[in-house]
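The values are calculated or read from the model by the stated rules, or taken from the named source; none is laboratory data. What you are looking at is a predicted structure, and each value in this text was computed from that prediction instead of being measured. Cβ: placed from backbone, ideal geometry, glycine included. Neighbour counts: every protein chain shown. Surface areas here come from the heavy atoms of the whole protein model, side chains and all, with no ligands, DNA or RNA. Shrake-Rupley method; radii C 1.70, N 1.55, O 1.52, S 1.80 Å.
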Amino acid sequence: MTPRQMHLVAFLMTGPTCHHHGAWRHPESAVDDLLDPSRYEHIARVLEAGKFDALFFADILGLYDLYEGKYDTMVGRGGQVCLLDPAVILPIMARVTSRIGLGLTYSSTFNHPYQVARMLSTLDHMSHGRAAWNVVASTSTLEARNFGMKEMPSRAQRYDRADEVLEACSALWESWEEGALVLDKASGQFADPSRIHYADYEGKWISTRGPLTAPRSPQGRPVIMQAGSSERGRDFGARWGEIIFTLQHEKSDMQEFYADFKGRMQKFGRAPEECVVLPSIDVVIGATESIAREQADYVNSLVDTQLGMAQISGHIGIDLSRFDPEQPLADIEIEEGSRGSFDVILQGTKREGLTLGEAARRFATSELCPQLVGTPESIADRLTDLFESHACDGFVLTPTTFPGMYEQFCRSVVPILQQRGVFRRDYAGATLREHLRD
């Protein structure tokens, strides 16, 4: 029986910041090539050489402007700003790779299923079966306003619509059967119309007739990613997700989420192995433990208090600029409707007696995901322990320095995981879905 294998996915954004909001300021981080295709070609090659299952782009459809009622801090200080459309970048990355999965974030709230299904089917063709869709039921009012909406629908409605979007996309992807393209010059038959069908999907919010113009793609449909953490979000992921991206703070949190999520899949008629659960982690690697700690202390010193507060404000929907950064976190009074979000996002910091500013800086180093600091061996030890303790099926790795952290991880940590037999030495299949079944 083949031993269970760890899965690795790289987190990317088309801007200065991923989870570590000061990393772009590090002398070893590249930022002058943010708008250059060579940046994205290079990182795709690095991650494929490291045998990662996939890379994916998070995306934000606007500029966070809640903090102080303007976007000055988020843009001016280099926060989570997405400068480019990943849908245009991924085909560039596909051309310089042959195995690594290629994922993008696309909103089910603002985009019509026909457009989404056609674009993703095209990407799956252009990558020979490596496309993934990180489905988000968008939450931000600023994004809604960019799409002509005054405010976001309720969470329940957003996820109900997302279910319909996935149902409609599935019908469109099934509208072409295998073998529908004939391409017979001698007979003059280009396609077999009997193998092409109308979708005729009709829901409460979504309708589409079809058929899709794009023929059936190598995977049939892209791999579905999802990152919802609410009760409704977890149910959505348990129904549709093949990769679950989750933000957890500690090992016990990961184990609790993992058990809950795998259990939910049963009510949707799915086996636990049909989906991999991947918590987010940051790593700082050094030749010795003390060097690694020094490196982590330095990169963490580059975070900006205001930027951390602005980023939290965007996440919880409350302008934190009206609070004193030196105020103890435990004394912060937040409206009841956002209290839960505030507590979750700052989980693990209140008990330390931190001020709001200190908590914001802590948040700005990794968005409170684990930051693993150590030698390649000790990093591999901790990853292996989490994996073998059924806290996860692998990890979404987010960069501290870019591209150096990924280069160092692939060069020093991956070989140790391979030697221990918990991570592939080479790709067994050609498509992303096959990688996930390794």
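A compact table of results
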| quantity | calculated |
| --- | --- |
| Flag if GLY69 is surrounded by 22 or more Cβ atoms within 10 Å (Cβ to Cβ) and more than 19 Å from the chain's Cα centre (by Cα) | no |
| Qualifying residue in segment 263-272 (condition: open to solvent by 50 Å² or more (accessible area, probe 1.4 Å), in contact (Cβ under 8 Å) with a residue 24 or more places away in the chain and over 19 Å from GLN371 (Cβ atoms)) | yes |
| Identity of the residue in segment 192-202, more than 12 Å from HIS112 (Cβ to Cβ) and either in contact (Cβ under 8 Å) with a residue 24 or more places away in the chain or hydroxyl-bearing (Ser, Thr, Tyr) (or both), that ends up most open to solvent (accessible area, probe 1.4 Å) | TYR198 |
| Answer residue from segment 378-393, given it is among the hydrophobic types (A, V, I, L, M, F, W, C) and part of a helix (DSSP H, G or I) and is nearest to PRO272 (Cα to Cα) among those | PHE387 |
| Hits in segment 21-50 (condition: at pLDDT 95 or above and within 18 Å of the chain's Cα centre (by Cα)) | TYR40, ILE43, ALA44, LEU47, GLU48 |
| Which listed residue is small (Gly, Ala, Ser), more than 30 Å from HIS125 (Cα to Cα) and not in a helix (DSSP H, G or I), from GLY429, GLY421 | GLY421 |
| Residue under evaluation ARG239, criteria (1) part of a helix (DSSP H, G or I); (2) without any contact (Cβ under 8 Å) to a residue 12 or more places away in the chain, criterion not met | (2) |
| All helices (runs of 4 or more DSSP H) inside segment 57-166 with 2 or more residues being in contact (Cβ under 8 Å) with a residue 24 or more places away in the chain and of a type in the set (A, V, I, L, M) | 86-95, 113-126, 141-146 |
| Test result for MET254, more than 16 Å from MET6 (Cβ to Cβ), in contact with a Cys (Cβ under 9 Å, 6 or more places away or on another chain) and assigned to a helix (DSSP H, G or I) | no |
| Failed item, numbered, when GLY79 is tested on (1) farther than 19 Å from ALA131 by Cβ; (2) surrounded by fewer than 23 Cβ atoms within 10 Å (Cβ to Cβ) | (2) |
| Residues that are crowded, with 17+ Cβ neighbours inside 10 Å, at pLDDT below 90 and either within 30 Å of SER378 (Cα to Cα) or touching a strand residue (DSSP E or B) at 6+ places or on another chain (Cβ under 9 Å) (or both), drawn from segment 288-344 | LEU329 |
| Unique residue being open to solvent by less than 70 Å² (accessible area, probe 1.4 Å) and more than 26 Å from SER138 (Cβ to Cβ) when the list is VAL165, VAL182 | VAL182 |
| Unmet criterion (only one of (1) in contact with a Ser or Thr (Cβ under 8 Å, 6 or more places away or on another chain); (2) hydroxyl-bearing (Ser, Thr, Tyr); (3) surrounded by fewer than 18 Cβ atoms within 10 Å (Cβ to Cβ)) for SER38 | (1) |
| Close pairs from segment 352-372: first free of Cβ contacts under 8 Å to residues at least 60 places away in the same chain and on the phi > 0 side of the Ramachandran plot, partner acidic (Asp, Glu) and not in a helix (DSSP H, G or I), Cβ under 7 Å, at least 6 apart | none |
| Selected residue [aromatic (Phe, Trp, Tyr), under 26 Å from the mean Cα position of the chain (by Cα), open to solvent by less than 10 Å² (accessible area, probe 1.4 Å) and modelled with pLDDT of 95 or more] from PHE387, PHE363 | PHE387 |
| Filtered residue count, segment 405-419, keeping only those that are closer than 14 Å to VAL46 by Cα, in contact with a helix residue (DSSP H, G or I) (Cβ under 7 Å, 6 or more places away or on another chain) and open to solvent by less than 10 Å² (accessible area, probe 1.4 Å) | 2 |
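Matching residues to (1) farther than 20 Å from SER366 by Cβ; (2) touching a His at 6+ places or on another chain (Cβ under 8 Å); (3) of a type outside the set (D, E, K, R):
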{"residue": "HIS7", "(1), (2), (3)": "yes, yes, yes"}
{"residue": "ASP32", "(1), (2), (3)": "yes, no, no"}
{"residue": "TYR40", "(1), (2), (3)": "yes, no, yes"}
{"residue": "ARG45", "(1), (2), (3)": "yes, no, no"}
{"residue": "ALA49", "(1), (2), (3)": "yes, no, yes"}
{"residue": "PHE56", "(1), (2), (3)": "no, no, yes"}
{"residue": "ASP59", "(1), (2), (3)": "no, no, no"}
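Listed here are the residues, each with its yes/no results for (1) part of a helix (DSSP H, G or I); (2) touching a residue at least 12 places away in the same chain (Cβ under 8 Å); (3) open to solvent by 40 Å² or more (accessible area, probe 1.4 Å).
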site: PRO3; (1), (2), (3): no, yes, yes
site: PHE11; (1), (2), (3): no, yes, no
site: CYS18; (1), (2), (3): no, yes, no
site: HIS21; (1), (2), (3): no, yes, no
site: PRO27; (1), (2), (3): no, no, yes
site: VAL31; (1), (2), (3): no, yes, yes
site: HIS42; (1), (2), (3): yes, yes, yes
site: LEU47; (1), (2), (3): yes, yes, no
